[in-house]
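Read through the structure below, which is laid out as structure tokens, and then see the notes.
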């Protein structure tokens with residue numbers, strides 16, 4: 001867990017105007033890595049509701065591949081990891 005001091009050091013009020021939580025920043029990071037800026041709200045929701053290690057593992061899998069549609073591969077990998085199973 002990051003301290004408030006670390007979060008405030010990284011915070012840019014002009015660039016991150018609407019990002020106030022850590023999971024929002026991670027969701028935007030996911031959208032950028034997957035080259036899917038249009039659906040950044042989806043990735044923010046995933047960052048809020050799913051466990052971080054699952055998201056990071058799926059992102060590593062996609063980063064290592066040479067897929068044309070990285071977002072689709074990311075969602076498939078989340079499904080394979082069981083991220084969407086009912087509790």
Check your understanding: Where in the chain are there helices (runs of 4 or more DSSP H), lying wholly inside it, with at least 3 residues that are within 10 Å of the chain's Cα centre (by Cα)?
Key -> 22-33, 40-49, 52-64
Check your understanding: Pairs under 9 Å by beta carbon, first residue free of Cβ contacts under 8 Å to residues at least 24 places away in the same chain and on the phi < 0 side of the Ramachandran plot in the stretch 68-87, partner surrounded by fewer than 17 Cβ atoms within 10 Å (Cβ to Cβ) and assigned to a loop (DSSP other than H, G, I, E, B), six or more apart or different chains?
Key -> 73/65; 73/67; 84/50
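All of the numbers you see were taken from the coordinates with simple rules; none came from a lab. Just so you know, these numbers come straight off a predicted model, no measurement behind them. Heads up, the Cβs are rebuilt from the backbone with ideal geometry, glycines too, and the neighbour counts pull from every protein chain shown.
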